[in-house]
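Below is one structure, written out as C-alpha cells, with a few remarks after it.
Each reported figure results from applying straightforward, stated rules to the coordinates on display, with no laboratory input. Since the structure is predicted, the reported quantities are computational estimates derived from the model, not experimental observations. Here the Cβ positions follow ideal geometry from the backbone for every residue, glycine too, while neighbour counts run over all protein chains shown.
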Amino acid sequence: MIQNANDTDPEALAFSALVWTLGEDSRAQRLLALTGMTPDDLRARIGEPAVLAAILRFLESHEPDLLACAEALHIPPTALVDARRSLER
C-alpha cells in the first residue's frame with residue numbers, strides 16, 4: 001500500500017494503518033473498545049491528529065498487530081512509531 005515510508009506523511013500513514021486495522025472485524029472492535037470511540041466518533045474525528053495518533057498507539061500496544069500492519073504496508077514498524085510521535089507533537 002505504502003511505496004516508501006520516507007515519502008509518506010504521518011497522517012497518510014495513520015490513515016493507511018486505520019484501513020488495515022478495520023480490515024478485520026475483531027481487530028476493529030478491539031480498536032473501538034480500547035480507544036473508547038464509537039464508529040460515529042471515529043468518522044467525525046478522523047482528521048484530528050490525536051485520533052490518528054491513538055490509532056497508531058493502538059497498534060503499538062500489541063506488537064503482533066504493529067508488525068503485521070507494517071508488513072502489509074511495506075514499511076518498517078518504526079515508521080508507524082515515528083508517525084505517532086509526530087502526530088502527538
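Just a few scattered comments:
- When the range 30-89 is limited to residues that are without any contact (Cβ under 8 Å) to a residue 24 or more places away in the chain and of a type in the set (Ser, Thr, Tyr), the one that is surrounded by the most Cβ atoms within 10 Å (Cβ to Cβ) turns out to be 35.
- Of all residues making up the range 61-89, the number that are in a helix (DSSP H, G or I) and under 18 Å from residue 31 (Cβ atoms): 16
- Residue match in the range 45-60 (condition: part of a loop (DSSP other than H, G, I, E, B) and over 15 Å from residue 10 (Cα atoms)): no
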